[in-house]
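A.B. asks: Here it is: the structure, laid out below.
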Protein chains: 2
Amino acid sequence: MEKLSERLSPEHNKTECRRSVNAVRDALYVLGGKWKLPILVVLEYGPQRFTEVQRQIEGITPKLLSKELKELEMNGFVTRRVQPTTPVLIEYELTEYATSLQGIFAALRDWGIQHQARVRSL
Amino acid sequence: MEKLSERLSPEHNKTECRRSVNAVRDALYVLGGKWKLPILVVLEYGPQRFTEVQRQIEGITPKLLSKELKELEMNGFVTRRVQPTTPVLIEYELTEYATSLQGIFAALRDWGIQHQARVRSL
DNA sequence: CAGGATCCATTATGATACTG
DNA sequence: CAGTATCATAATGGATCCTG
């Protein structure tokens, strides 16, 4: 891939660089932290209950899962739906807006798989 | 895009889900924290000195920058090069392996830009 | 099941100042 | 310039118990 630094003036280059950094930082602002991305990836596989999500993400405690889910809900990535059955069934699901994150999920997943292979080979 | 949950059995689905979560988690393990990705994005624009990097990432302190750079170096993403000029010139640059992260950078940057536009429109 | 409350330990991050 | 040292706070984690 062509390096940006080879085709742009130094000044333009820095401006571009900051723009990128700010975009990435804004993305990380809402997706940052240890658990948000893993939680979203789990929910990508369909609506799931609290305990289901907890089981898929080994290591997370209910306290943290609860907190992260609330933040994701506030940021419009997740919906908490209560099914009025008996007993009540509570499911978390991705919002329409969250589907815009698929590119990020895919990139992280693909790289993670490559990286796992690399680490094993060392 | 087709939903994974619509074409796979529930069991296979869960296995796949965990695989994805683990891949993402392993990626986040080396890229996690508040500053690693921003630092790598800056260095994508060419080798740069400590202070240069610091200026591009507003808010980072030298302590954190130093710590993060060391970790990135240990993980094989960054090289610290000392030019034997007078005075000495120290530059940080991405390694070959770090270029495998371009997909992640691009995904985060693109989404971040979209997200900025969305936030502004609210 | 779906969490909330509490208490404590460990990290992570931050502000400021300082050095070779 | 390229960091280090010191001090402080915030975020996160772990254990345990509790409730509608």
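A.B. asks: Please check segment B:46-81 for residues whose accessible area, probe 1.4 Å, is lower by 20 Å² or more when all protein chains are in place than in their chain alone.
C.D. replies: B:Glu52, B:Arg55, B:Gln56, B:Glu58
A.B. asks: Hey, for A:Thr15 with labels 7 Å out along Cα-Cβ, what do the inter-copy distances come to in nm, ordered shortest first?
C.D. replies: List, nearest first: 5.3 nm.
A.B. asks: Leaving out ligands, DNA and RNA, calculate the buried accessible area for the pair A and B with a 1.4 Å probe, summed over both sides, in Å² to the nearest 100.
C.D. replies: So the buried area, both faces added, is about 4600 Å².
A.B. asks: Across the residues of A:38-45, average count of Cβ atoms on other protein chains within 10 Å?
C.D. replies: Mean partner-chain Cβ count within 10 Å for A:38-45: 5.
A.B. asks: Given label points at 7 Å from Cα along Cα→Cβ, what nm distances, shortest first, separate A:Thr79 from the same residue in every other copy?
C.D. replies: Between copies, matching label points for A:Thr79 lie 5.1 nm apart.
A.B. asks: Would you kindly calculate the translational diffusion coefficient of the protein assembly as shown, applying Stokes-Einstein with the Kirkwood radius from alpha carbon pairs, for 4 °C and a viscosity of 1.567 mPa s, and quote it in µm² s⁻¹ without decimals?
C.D. replies: Taking Rh from Cα pairs, D becomes 66 µm²/s.
A.B. asks: Let me know the mean shielding of B:10-23 by other chains, meaning the per-residue number of their Cβ atoms within 10 Å of its Cβ.
C.D. replies: Taking the mean over all residues of the peptide, I get 6.
A.B. asks: If you count, for every residue in B:92-101, the Cβ atoms of partner chains within 10 Å of its Cβ, what is the mean?
C.D. replies: The shielding value for this peptide is 1.
A.B. asks: How many Å² of accessible area per residue for the protein assembly as shown, probe 1.4 Å?
C.D. replies: 56 Å²
A.B. asks: Then there's this: With viscosity set to 1.567 mPa s at 4 °C, what whole-number translational diffusion coefficient in µm²/s follows for segment A:3-122 from Stokes-Einstein and a Kirkwood radius over Cα pairs?
C.D. replies: D, rounded to a whole number, is 77 µm²/s.
A.B. asks: Quick one: pull the percent of accessible area on chain B belonging to carbon and sulfur, 1.4 Å probe, ligands and nucleic acids left out.
C.D. replies: 53 percent
A.B. asks: Over chain B, with a Gaussian network built from C-alpha contacts below 10 Å, which listed residue (B:Pro38, B:Pro62, B:Pro84) shows the highest mean-square fluctuation?
C.D. replies: Comparing B:Pro38, B:Pro62, B:Pro84 in a Gaussian network model of chain B, the most mobile one is B:Pro84.
A.B. asks: Now for a different question. Add -39500 (n - 2.57) for each DSSP H run of 4 or more in chain B, then divide by its residues: what number comes out at 222 nm, to the nearest 500 deg cm²/dmol?
C.D. replies: Per the formula, -18500 deg cm²/dmol.
The values are calculated or read from the model by the stated rules, or taken from the named source; none is laboratory data. These numbers were taken from a predicted model, which means no experiment stands behind them. Here Cβ is always computed from backbone atoms with ideal geometry, including for glycine, and neighbour counts include all displayed protein chains. What goes into the accessible areas is simple: the full protein's heavy atoms, side chains included, and nothing from ligands, DNA or RNA. Shrake-Rupley method; radii C 1.70, N 1.55, O 1.52, S 1.80 Å.
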